[in-house]
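I have placed the structure first, in the form of structure tokens, so that the comments after it can refer back to it.
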Amino acid sequence: MIKKITKRKKVISHKTSIIEETIEISPSTSEKIKDGVPASAPEKSNISVISRGKPRKFKGGVHPNDSKALSAASPVQDAPLLDKYRVIVHQNIGAPPEVLVKKGDEVKKGALLAKASGFVSASLHAPTSGTVTAIDKCDGPTGIRVAAIEITADGEDEWGSPFEPIADWQNAEAADLKQRVSDAGVVGMGGAGFPSHVKLSPPPAKPIDTLILNGAECEPYLTADHRLMLEQAEEVVAGAAIFARILGLKSAVIGVENNKPDAIEALKKASAKTNVTVQGLAVNYPQGAEKQLIYALTGREVPIGGLPMDVGCVVQNVASAAAVNDAVVKGHPSIERITTVTGEPLVNPGNWRFRLGTPISKSIELAGGVKYQPAKLLLGGPMMGFAQSSLDVTVMKNTSGILLIPAEQVSQYTSDPCIRCGKCVSCCPMGILPATISQAVENERFDMAAQLNVLACIECGSCSYICPSHRPLNQHFKRAKSEIMAARKKEQKK
Amino acid sequence: MIIILVSLLFAALLGAILALVIGVAAKAFAVESDPRIETVTDMLPGANCGGCGYAGCADFAKAIVEGAVPPNDCPVASAEDAVRVADYLGITAEEKEKMIAVVKCSGGISDTVRSPYNGVEDCRSAVLVAGGSKGCDYGCIGFASCARACPFDAIEIRDGLAVVHPDLCVGCGKCVDVCPKDLIVLTPAAVDVHVYCNSPEKGAAKRKVCKTACIGCRKCVKAADSEDQMLIDGFLIATNYDNPPLPDLVEKAACPTTALRLATQHAAGDTEGVSK
């Protein structure tokens, strides 16, 4: 009997084993970063918590075909300068920034176009030098027409950044660095677009002890973060160090899914002399979701309705880290990003560094056009991306991918009744009951859905993906969440 | 034989005792209620639509009897019904204008640009996916959320467009609340001329996605008998319900996109989208 149990244990540990390595902190650098760090900060990296080892991945998840091979080997290329850019004004979660320019204004590359209009808001900068030729509505990524600033390039592409580089950032004040993150308009570039500086300003009641960089990139097809970590590993690590300095931490951990061994290798090399740790993660969708990443790395569970700061964590995307490095070291605001343009119908799928405001049609041209007519165009990955009906939508700070899907992969099906197989329950990374909640929503019992914690849903789409009855579960939850939030707002007004 | 007799006797005795208990309980725990409430409830239409804001007709009847609301607050009841209730209660019923719902969109599937949609067939769910499949952000999605909410079957989904039948609509306002695009408005039933468009976009942008959009050409404004019969709001024109135009305006104005229609004509399907 005892033998049997030990054997079983072995299997489990084998199953969940992941690449892990803690990098030795060299005395010189650790000394350097120690300056200005509050005494309360933990002496050792939190990675010790991780390598003790039980939770390697989160509970649940699915394994969609990742199709990353299409673009993973293609190095990032700079997209050529365009004549016109149409920069969407509202690129962040929170309040839209306030537009400062007007039609006819001359702007330099990096000049402030719109200023953050509150704490949870992000500034917007000109992608190139030129003239503001229109401030009008254009097709937005969510299908609703949104305000955009059109800039006609003068071809000079001359910098006019509103701020100077902070060369000696290792000794700069944390508050100055945070102000720079905010001024540069850096947002979560993984997809959500949450202003980065907000996450770096935890209330005093919630001490932060762990900084996590999200390089999981669990969405199928996308390779933008992969190429970034591979080609700009040092900038990512430096960005992590800047985040750590702002938060008063000495260490940071970068979580990368194990399907990107070359990126892990590159990051390890780049971080060898720093106290940034690289941690491999099980390949499992949605490993890159904030709460799932925290759980996999630290074993802490973010409470329902809570934020990572409730468990002492801050999670930032690796692309945001690179953008912050640009903002601090080079003095460049966030005006470009790496985006994967991929999909089977494309002639040359790959990764490009696009300026904000580049139309999707241009990106498809760069990828060599299409071999045959695609059935669907998505911004983002296939699991959480938004379907587009217009090629005029432009690249935003959170556009991680532009994905064309062929007809044979787009299934047109009708949803059948739930057969109670429980697959959605076992794959739900948040541990809620998709089947039960969807039935409540179908009967418009939003109170019941709220009781079943539909608000905890992260809309990863795992349940919809796995459902053998093709039930549109994710859409039901979106509906329930919007109805519940609307009802709560109404209540508050009363 | 004796067994049958005993059991019959026992059943009779048990019945008598229970009847006594029920009789006493009915007297002791009787709930005083105004008999007028029941009579008024019977006089009301009994649709239980909730258009008055109360939980059904009985609840509304109670409110009338208590004097909290006038009987003509019921949107379904005709003026005669209201007068009958008022007479019964010995109060006076005021005249109340009858309202009907108008879906301010005329863009059916054949008139508008739409993208394929494969998901929950409900407007409030569809609107969460790229604002609905329609090219126009403001128009009717056509997944019948309003038609399902209508207690009187007054809304028909025709060619992916919700059409209100003015003869069936009682103006309860149930549909107004469910439309995620806030397209449905209650208008005075006496007015027949409406502009079936809700998009504030520029004329050219509207025409790109819809054949029957109001492009703000102001032909109807000029053709109207007096200037303020039609109201101009940016690129969208609307009927002034305080000073409504006569039905012949539709013919006089000859709206180039047919966005200006009579509700009766629209419901009958007489108007086809044209592109001139």
Quiz item: What ranking of A:TRP159, A:TRP352, A:TRP169 emerges when the number of other C-beta atoms within 10 Å of each C-beta is taken as an exposure proxy, fewest first?
Solution: A:TRP159, A:TRP169, A:TRP352
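Within 10 Å of each Cβ in peptide A:386-393, how many partner chain Cβ atoms are there on average? Round it to a whole number, please.
3
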Quiz item: Is the shape of the stretch A:431-475 rounded, prolate or oblate, going by the alpha carbon gyration tensor and its root eigenvalues a ≥ b ≥ c, with a/c under 1.5 for rounded and a/b larger than b/c for prolate?
Solution: oblate
Quiz prompt | Spatial separation of Cα centroids for the stretch A:195-226 and the stretch A:435-494, in angstrom | solution = 26
Quiz item: Separation between the B:ALA12 and B:GLN265 pseudo-spin-labels, each 7 Å from Cα along Cα→Cβ, expressed in nm?
Solution: 8.1
Quiz item: What's the longest bit of chain B with no exposed GluC sites (Glu not before Pro), using DSSP loop states and at most 13 other Cβ atoms within 10 Å as the test?
Solution: B:98-271
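For the stretch B:99-268, compute the orientation-averaged projected area of the C-alpha convex hull (one quarter of its surface), in nm².
8.9
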Quiz item: Within the stretch A:411-452, which trypsin sites (Lys or Arg not before Pro) sit in a loop by DSSP and count at most 15 neighbouring Cβ atoms inside 10 Å?
Solution: A:ARG420, A:ARG445
Quiz item: Is the protein assembly as shown best put as rounded, prolate or oblate by its Cα gyration tensor, with a ≥ b ≥ c the root eigenvalues, rounded for a/c under 1.5, and otherwise prolate when a/b is larger than b/c, oblate when not?
Solution: oblate
Quiz item: Nearest 20 debye, what's the magnitude of the dipole of the stretch A:298-435 about its Cα centre given +1 on Lys and Arg Cβ and -1 on Asp and Glu Cβ?
Solution: 160
Self-check item: Residues B:ALA68 and A:GLN179, FRET efficiency given R0 of 41 Å [Cβ-Cβ distance, rounded to 0.05]
Solution: 0.10
Exercise. For the stretch B:216-261 and the stretch A:362-401, compute the distance between their C-alpha centroids and round to whole Å.
Key: 42
Self-check item: the stretch B:35-89 shape via C-alpha gyration tensor axes, a/c threshold 1.5
Solution: rounded
Quiz prompt | Nitroxide proxy distance, nm - points 7 Å out along Cα→Cβ at A:SER361 and A:VAL99 | solution = 2.1
Quiz prompt | Which of A:SER438, B:SER78 has the fewest Cβ neighbours within 10 Å, and the rest in rising order | solution = B:SER78, A:SER438
Quiz item: R0 = 35 Å: FRET efficiency of B:ALA238 with A:GLN373, Cβ-based, nearest 0.05?
Solution: 0.25
Quiz item: Between the DSSP loop rule and a limit of at most 16 other Cβ atoms within 10 Å, which trypsin sites (Lys or Arg not before Pro) in the stretch B:1-81 are left?
Solution: none
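Can you compute the FRET efficiency between A:SER201 and A:LYS489 using 1/(1 + (r/R0)^6), with r the Cβ-Cβ distance and R0 = 30 Å? Round to the nearest 0.05.
Efficiency at R0 = 30 Å is approximately 0.75.
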Exercise. Only Lys, Arg, Asp and Glu count, each charged at its Cβ (+1, +1, -1, -1), so figure out the dipole size of the stretch B:35-89 about its Cα centre, rounded to 20 debye.
Key: 60
Quiz item: Name the trypsin sites (Lys or Arg not before Pro) in the stretch A:66-118 that are in a loop by DSSP and that have at most 15 other C-beta atoms within 10 Å, would you?
Solution: A:LYS102, A:LYS103
Quiz item: Counting Lys and Arg as +1 and Asp and Glu as -1, each charge on the Cβ, what is the dipole of chain A about the Cα centre in debye, to the nearest 20?
Solution: 2260
Quiz prompt | Ascending count of other beta-carbon atoms within 10 Å, so fewest first, for A:PHE386, A:PHE243 | solution = A:PHE386, A:PHE243
Practice problem: Sticking with the crude label model, points 7 Å out along Cα→Cβ, report the distance from B:ASN118 to A:PHE119 in nm, one decimal please. | Solution: 4.4
Quiz item: Rounded to the nearest 500 deg cm²/dmol, what is the calculated helix-only ellipticity per residue at 222 nm for chain A, with -39500 (n - 2.57) per DSSP H run of length n ≥ 4?
Solution: -8500 deg cm²/dmol
Quiz item: Which one of A:PHE386, A:MET309, A:ALA224 has its Cα pushed farthest toward the positive end of the charge dipole of chain A, where Lys and Arg give +1 and Asp and Glu give -1 at the Cβ?
Solution: A:MET309
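Each value in this text was obtained by applying a stated rule to the coordinates, not by laboratory testing. Note that the coordinates shown come from a computational prediction; the quantities given were computed from them, not determined experimentally. Neighbour counts are summed over all protein chains in view; Cβ atoms, including those assigned to glycine, are modelled from backbone coordinates with ideal geometry.
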